[in-house]
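Q: To start, I am sharing the structure in question, which I have written as structure tokens.
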């Protein structure tokens with residue numbers, strides 16, 4: 001009897017050892033599989049990124065107790081704020097048409113926006129206007145002051161909320177229907193950024209989808225150019241959602257060419273470069289430190305011109321640090337009439353232009369606004385025709401000849 005018990009415990013010990021060995025080996029293999037070294041992402045990890053869903057990746061890491069991988073952090077781009085703390089959009093209170101549009105297209109893209117009210121510059125107190133150095137710009141117009149004040153309110157909100165990053169957009173923009181994928185691809189590039197001046201911290205590696213080594217991340221510029229002496233500072237990456245050459249404005253084609261990108265790669269690749277010559281504030285992200293620097297340099301100390309121009313000057317002077325994405329990820333939506341501007345109505349000009357139905361945007365491969373109209377389109381009565389298989393029956397009903405022949409209620 002004792003001998004049988006010894007045999008039993010012996011085999012039980014062997015079995016337990018085998019199970020433990022399998023668990024340890026699996027853990028070690030998985031650690032090597034997703035480990036990141038100084039050179040960037042391993043080839044195995046790249047394959048994993050291309051073939052595994054976000055959910056499966058997260059479950060795998062949680063089950064093994066592994067630190068979040070690069071891909072897990074980038075997966076935050078699929079949330080309702082694209083991996084930023086929030087998305088703020090600036091809109092004049094009276095432009096309810098634009099607010100409706102932003103709410104609609106955001107809801108179709110799985111995004112949530114917070115409104116920052118635009119400001120009427122003519123209503124501002126003279127005492128609240130920043131000091132102005134006329135050597136850079138003529139006296140700032142009321143509309144330019146109002147635009148600056150609305151963006152300054154957004155920066156102040158970022159500081160007060162204590163969020164690490166926020167995306168700020170204007171109320172007349174468009175984006176690609178695959179916006180979450182576009183921003184996930186950007187996140188992977190930002191986390192493996194070869195242009196950084198300092199290595200990422202452990203916190204950035206695990207919790208900051210776009211890193212934190214910048215003040216502004218420019219993604220909705222209407223014009224851009226590289227530092228004339230630093231065309232070596234560029235990171236080129238593949239993006240299946242980049243617009244074709246025909247859909248890309250000439251100014252961005254010129255910038256891409258200055259960085260050495262040839263025509264056969266236009267429509268396939270995007271550029272990430274230190275921000276030097278962007279203007280227009282259609283879409284840009286800020287870090288909390290960036291919001292502080294913006295409020296300091298574009299307000300507290302002085303304001304030398306329109307907010308986008310002064311931001312560009314501060315970038316060129318090295319008082320702000322930023323990156324530009326080319327072609328931009330966010331673009332103006334245009335209809336061709338006075339609705340394209342917040343300036344006062346001119347009775348001599350058309351109000352609507354072509355309207356949203358005839359609207360357009362550039363530098364976008366698949367317009368979210370155009371896709372939204374297609375996705376929500378329907379023909380209710382044609383659906384009934386298909387269901388009944390008889391248009392005559394429907395026509396009969398129209399003429400009042402089928403009265404009383406409807407379906408009885410229960």
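Any read-out appearing in this document is the output of simple, stated calculations on the displayed coordinates, not a laboratory observation. Small disclaimer: the values here were computed from a predicted structure and weren't measured. Because the Cβ atoms are built from the backbone with ideal geometry, glycine has one as well, and the counts that use them run over all protein chains shown.
Q: Once you order the gyration tensor axes a ≥ b ≥ c over the Cα atoms, which shape class does the range 77-340 get: rounded for a/c under 1.5, otherwise prolate or oblate by comparing a/b with b/c?
A: Details: a/c = 1.37, a/b = 1.26, b/c = 1.09.
Judged from the Cα gyration tensor, the range 77-340 comes out rounded (a/c under 1.5).
Q: Moving on to the next point. Using mean Cβ contacts within 10 Å as the protection proxy, how do 374-383, 274-283, 116-125 order, highest first?
A: In descending order of packing, they fall as 274-283, 116-125, 374-383.
Q: Also, quick follow-up: Provide 73, 286 in ascending order of the number of other Cβ atoms located within 10 Å of each residue's Cβ, fewest first.
A: Arranged by neighbour count, lowest to highest, 73, 286 become 73, 286.
Q: For residue 94 and residue 159, FRET efficiency with R0 = 30 Å and r from the beta-carbon atoms, rounded to 0.05?
A: Details: r = 27 Å, r/R0 = 0.91.
The pair residue 159/residue 94 has a calculated efficiency of 0.65.
Q: Can you compute the FRET efficiency between residue 377 and residue 195 using 1/(1 + (r/R0)^6), with r the Cβ-Cβ distance and R0 = 45 Å? Round to the nearest 0.05.
A: Here the calculated transfer efficiency is 0.55.
Q: Nearest 5 percent is fine: what portion of the DSSP beta bridges confined to the range 77-340 is antiparallel?
A: 65 percent
Q: R0 = 30 Å: FRET efficiency of residue 138 with residue 351, Cβ-based, nearest 0.05?
A: It comes to 0.55.
Q: Still on this structure, please answer the following. Quick one: which of 166-173, 324-331 comes out on top by average Cβ neighbours within 10 Å, and what's the full order, highest first?
A: The most tightly packed comes first, giving 324-331, 166-173.
Q: Can you tell me the relative contact order of the range 77-340? Whole percent, Cα pairs under 8 Å, sequence separation 6 or more.
A: Once normalised by length, the contact order is 26 percent.
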